[in-house]
Amino acid sequence: MRDTAWGKTRKAIPAWGGEHLLVSLLVLYVAATTLWPLARLFASAFQPGEDGTPLGLMLATLSSRSTLRALSSTLQTALLSVVVSTLIGVALAFAVSLLKLRTRAALTFLILMPLIVPSQTMALAWIELFGSQSPILKPLGLAAAPGSTNPLYSVGGIALVMGIEHMPLVFIAVRAALRALPSDLIEAARILGIPPGRIGTGIVLPIVMPSVLAGSLIAFTAAIGNFGVPALLGIPGRISVLTTLIYQRLNGFGPAAAGQVATLALVLAAMAAIAIVMRNVVATRLAVPLPAGAPFVARRSAPVIEILIWILVLILSLVPLAALTMTALLPAIGVAFGPDTISLDQFHAVLDNQTVRRAFANSLLLALITAAISMLVAVPLAFVSRRRQNPVLRLLDIIIEAPWVVPGTVVALGMILAFLKPLPLVGISIYGTMMILVIAYLARFLPLVLRPVAAAAQSADPSLDEAARVTGAGLLRRILAIFLPGVLPAAAAGAILVVMTALNELTLSALLWSSGNETIGVMIFALQYEGNSTAAAAVAVLSTLLVLILAAIATAAAHRMPRGTLPWVD
């Protein structure tokens, strides 16, 4: 009788319950924030020319001299920066993974610093370090001559700074492969008497080469979409890349240039798509199967090499930030740094500036709203994706990833094209308001929360949800009482990453901000663009401190998160 009653109960409860409605709501959300803007972008680029020629607008834009010049500069700076990222990232990953270092945790955090510090802040820090008034190089007699152009305002300078900024992407990819290296492989080579150098170059390097290539392709994707570094170094040096050309066209011609810049954005998206396909091919075709076994544990101490690594890491991560901080402590541009000239005037000035305070408030608000809504979307999406495997959810997963992997300029332009006109039914335009920034941030940063939540959901026991469903628990109750506690630490970690990233976002904000809706990234860029370097440095230092405080909070809570959620925590 009991079995019969249970069978009737199971039959009475539909297998999908309210999940059809939940999936429908998620599809609507993704369509509004991501699919519709990207579709509008494609549609604008494929408009006919002025004489009605099919694809005339695209052909005219692609054949113009400014486009070809920007495309050439984009490829030059990106490829050169990948060389820098790969050389430094691979060398540091090998040293940190294969040697017994007493300060490995601190070194790993400092190596990842360029990834944590905002792009425009890193660019500003390097500008101050190599400028003619450099507070570090000038006392040493190594600064550029007064009145001369900063040497970083060049293709080589842009490539160098972007290469250092994206170096952690290669480091993370290679280090992950090295951590999976079986110990037996290395021990066998040692027993055969193979020197350590040959073990590294002849055995380990070929094994991790697919990860080196994959990391390099990720760095290339990041480089072609980078806006902060080319904007601060390229515009003063009259070097135009695709991201800055889009910014300048929209600033100069407004929405009338939408079709042209949509074509430029599609070029960026196509380059990013090719890099992603190549990365996937490398990962699936060239990966070397490794025998199972205990992972390799470094036992060889190398104190001299550890000192050299510290020197390199300090030069790459902390010296530029030190130059930035020293510049912020100067009362005015051109004043030499010294005990008698140190002042907090610039910090007082920017904190007394209503626009700067508003920028901090706007960025904090945007970051918190984005993190909160992304959590609300990621948790139910991970829940249904864990329970159901169907084409709609798989397609949704791909679409959600798109705004994160394509350049931010592409996403921003899609938002402009989608929301320039008043919304249907309500007749209200959100262009030029905070709302368009919120939607752009939601589209861009959702994967940062969804990925750790989805990873945590894989370890959830489906029988618990099934038991709750059979006993009559509703969908909302099952998500909140059974699924959420298991993925909450991962969701919180993702939310912190969103806040850290969104707080200093520039690429989206540079194209979407309006008066009253300034962000921190826009303020740093605007102050530097106006020539107020000391004030820009002060704002950058304050925003960096804010990010580091968030990183410290996240690190303190790392033990409650899934392994690998925070890239700087082993």
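Some values worked out for this structure:
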read-out	value
Kyte-Doolittle mean at least -1.0, axial Cα span of 18 Å or more - DSSP H helices of the chain	65-98, 155-179, 205-224, 258-285, 354-387, 391-405, 434-457, 484-502, 533-556
Cα-centre dipole for the chain with unit charges at Cβ (Lys and Arg positive, Asp and Glu negative), debye to 20	1520
Relative contact order (%) - criterion: Cα under 8 Å, at least six apart; region: segment 241-378	10
Normalised contact order of the chain, rounded percent, pairs of Cα under 8 Å and 6 or more residues apart	21
Spatial separation of Cα centroids for segment 427-453 and segment 97-140, in angstrom	31
Trypsin sites (Lys or Arg not before Pro), loop per DSSP, at most 13 other Cβ atoms within 10 Å - longest free stretch of the chain	389-562
Two-site FRET efficiency, residue 198 against residue 318, from Cβ-Cβ distance with R₀ of 30 Å, rounded to 0.05	0.30
Positive dipole terminus of segment 106-212, leading residue within 156, 188, 136 (C-beta point charges)	188
Among 44, 403, 120 - extreme Cα towards positive end, dipole of the chain, charges at beta-carbon	403
Mean residue ellipticity (222 nm) of the chain, computed from DSSP H runs ≥ 4 via -39,500 (n - 2.57), nearest 500	-21500 deg cm²/dmol
Rounded if a/c under 1.5, otherwise prolate or oblate - segment 341-462, Cα gyration tensor axes	oblate
Centroid-to-centroid separation of segment 504-558 and segment 195-220 [C-alpha atoms, Å]	35
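Bear in mind these aren't lab numbers, they're just calculated from the coordinates by the rules spelled out. Keep in mind that what you see is a predicted model, and the values were worked out from it rather than measured. Note that each Cβ is placed from the backbone with ideal geometry, even for glycine, and that neighbours are counted across all protein chains shown.
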